[in-house]
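The values are calculated or read from the model by the stated rules, or taken from the named source; none is laboratory data. Small disclaimer: the values here were computed from a predicted structure and weren't measured. As a convention, Cβ positions derive from the backbone with ideal geometry for all residues, glycine included, and neighbour counts pool all protein chains shown. Just the protein is used for accessible areas: all its heavy atoms, side chains included, with ligands, DNA and RNA removed. Shrake-Rupley method; radii C 1.70, N 1.55, O 1.52, S 1.80 Å.
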Amino acid sequence: MKNKTKILGIIIAAAILIPAFATGASIKDTLKKLADKSKSAAPVKVTGVSLNKTSLSLSVGASETLTAAPAPSDAANKAVTWKSSATTIATVDANGKITAVKAGTATITVTTADGAKTAVCSVNVAAPVKVTGVKLNKTALSLAAGANETLAATVAPSNAANQAVTWKSSAATIATVDADGKITAVKAGKATVTVTTADGAKAATVAVTVTAAAAGGGIPDGVYRSKTSGWNDMYIFSGNKYSSGSYSPYYENNLELTNSGTYTAQNGIFTITFVIPGERMDHEVVRKYPYTLAGNTLTITDEDGKKIVYTKQ
């Protein structure tokens, strides 16, 4: 049997070498080419693996994906697996995404499929920052019926994990409040609006006083001025009457009236009615503009879609 194997080996060698000799190649060159072919045919093995981070800090609920780099870069099999030493603290999926579960430490290990080479990342999970309080930008608010204003709630500390709040009115028939803290005055009276944090049930309140709407609707009587120069940069409201004009800051109380008449301000529409005298007949003119009223700030949108902001003096 051994003799047959030797004979077979001689035949194979002859089949390779004889054609090479026929082309004038030396035995040394031929054997080198055979060795090179043997090397090139073998897959490149993995010699190690590294991670883009060796340590990581996360808060509970946060996540981050690590990147594994098998070496050498031309290794044939770059497949890896991931494992956490403490899945109750931090989990890791097949793509290296780490998710923090609860406070503590865990070690994430990546292992190559070829050669079982490993690299680790130490993960520290911090407890979520708890809410210690909440404040409102106002503690008292006065609105005319039909007016509205949005309050701002500030949760402390600023890096608290859960910043969610809820709003509630003690008397929705007097003043309502929506999920964004927008208070709308309904009718004359008093109500307390409370904001409460989802974390810790910390609370803050604002006392809301609602006064009866002006005769013309939802705009309280008074003088309203705008920083926008030009006609109608001032409105004066009294009962259901109004006058408008241009105010010059260079002359005290210099008001040139452009028109006056009656008005209504209801359902978000500011309607003015005035009369233009004519040679034979006077003409009644009606103009309608969208408006909003928040506290002492009146915003009217003109015919060109431009918003003009007026402040009660």
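Within the set VAL125, VAL131, VAL110, the sole residue that is touching a residue at least 24 places away in the same chain (Cβ under 8 Å) and closer than 30 Å to ASN77 by Cα turns out to be VAL110.
The C-beta contact set for region 297-313 (first residue within 15 Å of TYR263 (Cβ to Cβ) and in contact (Cβ under 8 Å) with a residue 24 or more places away in the chain, second residue outside any strand (DSSP E or B) and of a type in the set (D, E, K, R), distance under 9 angstrom, 6+ apart or interchain) comprises TYR310/ASP233.
Taking the stated definitions as given, is THR132 β-branched (Val, Ile, Thr), loosely packed, with under 14 Cβ neighbours inside 10 Å and over 26 Å from the mean Cα position of the chain (by Cα)?
Details: β-branched (Val, Ile, Thr): yes; loosely packed, with under 14 Cβ neighbours inside 10 Å: yes; over 26 Å from the mean Cα position of the chain (by Cα): no.
When the stated conditions are applied, THR132 does not pass them.
If you go through region 143-176 and keep only what is touching a residue at least 24 places away in the same chain (Cβ under 8 Å), crowded, with 16+ Cβ neighbours inside 10 Å and not in a loop (DSSP other than H, G, I, E, B), you end up with LEU143, ALA144, ASN148, GLU149, ALA153, VAL155, VAL165, TRP167, SER169, ALA175. Taking the conditions (1) under 24 Å from the mean Cα position of the chain (by Cα); (2) over 30 Å from ILE219 (Cβ atoms); (3) at pLDDT 95 or above; (4) not in a strand (DSSP E or B) in turn, ALA179 satisfies each one other than (2).
Only a single criterion out of (1) modelled with pLDDT under 95; (2) closer than 15 Å to THR109 by Cβ is not satisfied by THR23, namely (2). Listed conditions (1) among the hydrophobic types (A, V, I, L, M, F, W, C); (2) within 30 Å of ALA185 (Cα to Cα); (3) at pLDDT 95 or above are all met by LEU141, apart from (3).
For region 182-198, the candidate set comprises residues that are part of a strand (DSSP E or B) and small (Gly, Ala, Ser); within that set, the residue that is most open to solvent (accessible area, probe 1.4 Å) is GLY189.
Screening TYR251 on (1) modelled with pLDDT of 75 or more; (2) open to solvent by 70 Å² or more (accessible area, probe 1.4 Å); (3) outside any strand (DSSP E or B) shows it passes everything except condition (1). Could you list all residues from region 184-197 that are closer than 18 Å to VAL134 by Cα and either among the hydroxyl-bearing types (Ser, Thr, Tyr) or without any contact (Cβ under 8 Å) to a residue 60 or more places away in the chain (or both)? Matches in region 184-197: THR192, VAL193, THR194, THR196, THR197. Restricting GLN266, GLN313 to those that are open to solvent by 60 Å² or more (accessible area, probe 1.4 Å), at pLDDT below 85 and under 15 Å from SER243 (Cβ atoms) reduces the list to GLN313.
Evaluated against (1) touching a Gly at 6+ places or on another chain (Cβ under 7 Å); (2) modelled with pLDDT under 95, LEU58 falls short on exactly one condition, (1). Where strands (runs of 3 or more DSSP E) fall wholly inside region 75-137, the ranges with 1 or more residues that are over 15 Å from GLY61 (Cβ atoms) are 80-84, 90-92, 104-112, 118-126, 133-136. Against the list (1) out of contact with any Leu (no Cβ under 8 Å at 6 or more places or on another chain); (2) modelled with pLDDT of 95 or more; (3) closer than 27 Å to ASP180 by Cα; (4) open to solvent by 70 Å² or more (accessible area, probe 1.4 Å), the condition THR81 fails is (3). Applying the condition of being of a type in the set (Gly, Ala, Ser) and open to solvent by 50 Å² or more (accessible area, probe 1.4 Å) to region 87-106 and asking which residue is nearest to SER50 (Cα to Cα) yields ALA94.
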